[in-house]
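Undergrad: There's a structure below that I have some questions on.
The values are calculated or read from the model by the stated rules, or taken from the named source; none is laboratory data. In this text the structure is predicted, and so the values were computed from the model without any measurement. Note that each Cβ is placed from the backbone with ideal geometry, even for glycine, and that neighbours are counted across all protein chains shown.
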Amino acid sequence: MKRTSLTLSLLLILFAGGVASKESEPCQCGSGFVDYCKISGGAPEGTHFIGFCSSEGQRLYGKSFYGNGMTFEGAYLDGLDKLGVITWEDSGTLEGELIFSKDDYEIPSDIDWDKVFAIGQYVRGTITSRGFFNLDGAFVLTGFGTKFNADTEAIWSYQAAHFENHERKKDQEFLVTKKFNDDSGLAMWGGGINNLLMYANDEGEKSVLVFDENGKIDEKIEGWDEASEKEVQRISEVIEEKKSNLDANFELLDDRLKRLRNFNPRENGSRTGKVIKPLASELVRSVQELLSILGYETGKIDGILGRITIAAIKAFQKEIEVEATGRPSEDLLTQLQAEVRKLNNQMATSEEAVSSILPILSTGTGFYINENTIISNYHVVNTCTYISIGKEERLVVNAIDQVNDITVLESKRNADAFLRLSGNPKLGNNIFAAGYPYNDILKNFNFTSGNVSSLMGPGSNISEFQFTAPVQPGNSGGPILNNKGGVVGITVSRLGAKFAELADTLPQNINFGIKVGVLKDILTEQGIKYSEGNEFWFDSSEEKIAKLSRQSSILINCHAKPKK
């Protein structure tokens, strides 16, 4: 069998398993970045991917999640795992290179090349192995390599030897050491010419151990004679030469891994030109946020699908009695949102006073569009255990649109006034922004004026627009009105410290709103009533518009456990 054919066969064995998920969308590859999605084109069924791929659907750089629980993050060759990190859920982690030729590295003559699968460093439990590996259910050292054991209770700390089928070959030279807790140490040399002898040096106390054919100590001879000294010297030189050759191979590998770490995605269509490492997914980040709201431990909410997040997903899936895949998907997101809504609704009907349960961690703004319906931003409420207005009333989540950052809330009490939804703003229009910025400090309603300065948001987002009316944290979710008192948008964000750091300048009144047309589409789809048009027939005074917006706007309290 040819070397390439063997490698591909081993890859198929390694990556086989799992059934194609019907929950995740297929990757839409086009020489650019794709979020967590299913991938085909040579990959085993059930493979999910986040990263950069070609227009032909082949993976170039990123992280793959296989149906058998294994992941690979790094670079690919012809769509196959090439250089990076392989992680098994229960079988350790290998950082190194797969699919390489004899010309890539200096392959020792005593290694069976046809069995070589990878070169790298393999960590499993407390043991770190370094060298060439074949595949036998897990990665197994083949030929000369080294092992380090971090378990201080183990009978050895370090081995340098020729390995085959998990064990040292007795006819090959080896060195084994043991470091004790009191910093004392024991070193043993053996193998080679007479593999029934082992030479030990225990803190200067030298001895020769004689083994029988069954591997048991038959005799212990105190001290080393001249022949023993020479044999230990010979074994040490053989070990040192082999280790030197291995180190030379790892210099090549380390250089390739270094170049991988410095990989620039711009060459593959990235808009930022920055390395995304580790790769983060907006889908995973959303799943983490919702799991956290429901009380599941996900670790840091960073969009990275690590072991803690996978375990949290599985726990949630078991709780709702669906297959525990541990994988993120749009279906999972829908299920989580339904559970969060159910939790909020349950808490909204509780008779316990809001202030006596969880503290207010953040605030935002909302506004009524009918007697009981309130509009705000999704990001204002997405991490809340529950939401309240005033001192007692809890709000029910009626609908959310994560993509457009809109949430629709329901109140039990009738509003004093509500706002009408006008049309999308036009460039240069005068507008007014209302809300409750820095409420923990200012503790009052804020009303500012400005004009529409652009009809697109960040990244040329046509669902948003830019305006100059000053807003601050806490304004999010508040209404943006025109001269006739009609809503033309929802305040969503502003450029602040992050922009200042990148641009080396302080932004002045660069703020963004969601166009009211987006809100209308969501309300129509959900069957939620609203009134179109403007409050006044003609342009009205700022005093009247300010009074209307104040009567219709509310302070939203986000209750949650304080982050540790």
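Undergrad: So which residues in the range 382-402 are farther than 12 Å from residue 360 by Cα and of a type in the set (Gly, Ala, Ser)?
TA: Of everything in the range 382-402, just one residue is farther than 12 Å from residue 360 by Cα and of a type in the set (Gly, Ala, Ser), namely 399.
Undergrad: What number of residues within the range 429-486 satisfy the criterion of being touching a residue at least 40 places away in the same chain (Cβ under 8 Å), assigned to a strand (DSSP E or B), touching a Pro at 6+ places or on another chain (Cβ under 7 Å) and β-branched (Val, Ile, Thr)?
TA: Here the count works out to 1.
Undergrad: Checking residue 234 against (1) under 21 Å from residue 156 (Cβ atoms); (2) under 53 Å from the mean Cα position of the chain (by Cα), only one condition comes out false. Which one?
TA: Only one criterion is unmet by residue 234, namely (1).
Undergrad: Here is a check on your reading of the model: is residue 191 under 29 Å from residue 257 (Cα atoms) and touching a Phe, Trp or Tyr at 6+ places or on another chain (Cβ under 7 Å)?
TA: Spelling it out, it is not the case that residue 191 is under 29 Å from residue 257 (Cα atoms) and touching a Phe, Trp or Tyr at 6+ places or on another chain (Cβ under 7 Å).
Undergrad: So which residues in the range 215-272 are at pLDDT below 85 and in contact with a Pro (Cβ under 8 Å, 6 or more places away or on another chain), if there are any at all?
TA: Once the filter is applied, which keeps residues that are at pLDDT below 85 and in contact with a Pro (Cβ under 8 Å, 6 or more places away or on another chain), the range 215-272 yields only 272.
Undergrad: Here is a list: 552, 541. Which entry is over 39 Å from the mean Cα position of the chain (by Cα), surrounded by 15 or more Cβ atoms within 10 Å (Cβ to Cβ) and either polar (S, T, N, Q) or within 27 Å of residue 343 (Cβ to Cβ) (or both)?
TA: 552
Undergrad: Also, quick follow-up: Given (1) in contact (Cβ under 8 Å) with a residue 60 or more places away in the chain; (2) under 28 Å from the mean Cα position of the chain (by Cα), identify the lone condition not met by residue 131.
TA: The failed condition is (2).
Undergrad: So which residues in the range 43-76 are among the basic types (Lys, Arg) and touching a Cys at 6+ places or on another chain (Cβ under 7 Å)?
TA: 59
Undergrad: Which of the residues spanning the range 302-337 are within 11 Å of the chain's Cα centre (by Cα), outside any helix (DSSP H, G or I) and surrounded by fewer than 18 Cβ atoms within 10 Å (Cβ to Cβ)?
TA: 302, 306
Undergrad: Now a separate question. Restrict the check to the range 214-236 and report whether at least one residue is in contact with a His (Cβ under 9 Å, 6 or more places away or on another chain) and loosely packed, with under 12 Cβ neighbours inside 10 Å.
TA: No, the range 214-236 has no match at all.
Undergrad: Pull up the range 273-295, narrow it to residues that are touching a Gly at 6+ places or on another chain (Cβ under 6 Å) and not in a helix (DSSP H, G or I), then point me to the one that is modelled with the highest pLDDT.
TA: Per the stated criteria, the residue is 281.
Undergrad: At pLDDT below 90, of a type in the set (Phe, Trp, Tyr) and surrounded by fewer than 20 Cβ atoms within 10 Å (Cβ to Cβ), is that true of residue 156?
TA: no
Undergrad: Okay, next question. In this structure, is residue 83 more than 20 Å from residue 252 (Cβ to Cβ) and in contact with a helix residue (DSSP H, G or I) (Cβ under 7 Å, 6 or more places away or on another chain)?
TA: Spelling it out, it is not the case that residue 83 is more than 20 Å from residue 252 (Cβ to Cβ) and in contact with a helix residue (DSSP H, G or I) (Cβ under 7 Å, 6 or more places away or on another chain).
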